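The values are calculated or read from the model by the stated rules, or taken from the named source; none is laboratory data. Source: prediction; values computed, not measured. No Cβ is skipped: glycine too gets one built from the backbone with ideal geometry, and neighbour counts run over all protein chains shown. Areas reflect the complete protein model, heavy atoms only, side chains present, ligands, DNA and RNA absent. Shrake-Rupley method; radii C 1.70, N 1.55, O 1.52, S 1.80 Å.
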Amino acid sequence: MECEICGKPVPENNPIRAKIEGSVMVVCKECSKLGTIQKAPPKPKFRQQQKGKPQKNTRKRNYSRNDEPTEELIENFELEIRKARESKNWSREDLGKKINERVSVITRLETGKMTPDTKLTRKLEKTLNIKLLEEANNVDLNQFINSSSGERTLGNVMKIKRK
């Protein structure tokens, strides 16, 4: 290990940490005089389980492919929403009242500036009698391997949406 100021060797088993001009650095003994010496960081203590008290289970949740959504929003959802609303002769205000949403939300949905979450999508489907969610089909990545490079890249798999 080397001093971060002058480059002299610093003992690895007991490095000196000093706060110099707001930065904590590993320094040699001479350079430590330029700032204030910091205490060594505390070593982690192992907590022993107290008798009689059960230990909390703090296991992290493992996500798997089964947690992925099985349905996805159709491509031109904004047009479908507007067509269905207009076919019922409803204004944006009328639709907003029926699904308990603001008019600005309806406007942003119909212009494509907002993507509805699953809850809002379900409300729109039920109220307008349309289908906005379609079954997400699993993609076989092997069919997208580029023959020239032989590697899978994001560009090979992704559908690029151009506006």
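Overview of values
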read-out: Hits in the stretch 78-97 (condition: open to solvent by 50 Å² or more (accessible area, probe 1.4 Å), touching a Lys or Arg at 6+ places or on another chain (Cβ under 9 Å) and farther than 13 Å from ILE130 by Cα); value: TRP90, ARG92, ASP94
read-out: Members of the stretch 18-30 that are open to solvent by less than 80 Å² (accessible area, probe 1.4 Å) and either of a type in the set (A, V, I, L, M) or within 39 Å of the chain's Cα centre (by Cα) (or both); value: ALA18, ILE20, GLY22, SER23, MET25, VAL26, VAL27
read-out: Verdict on ARG108 being at pLDDT 90 or above and either open to solvent by 100 Å² or more (accessible area, probe 1.4 Å) or in a loop (DSSP other than H, G, I, E, B) (or both); value: yes
read-out: Every pair of residues 6+ apart whose Cβ atoms lie under 6 Å, when the first sits in the stretch 12-24 and is small (Gly, Ala, Ser) while the second is surrounded by fewer than 16 Cβ atoms within 10 Å (Cβ to Cβ); value: ALA18/ILE37
read-out: Qualifying residue in the stretch 119-130 (condition: more than 23 Å from GLU71 (Cα to Cα), in a helix (DSSP H, G or I) and among the aliphatic types (A, V, I, L, M)); value: no
read-out: Any chance ASN66 is surrounded by fewer than 13 Cβ atoms within 10 Å (Cβ to Cβ) and either part of a loop (DSSP other than H, G, I, E, B) or modelled with pLDDT of 85 or more (or both); value: no
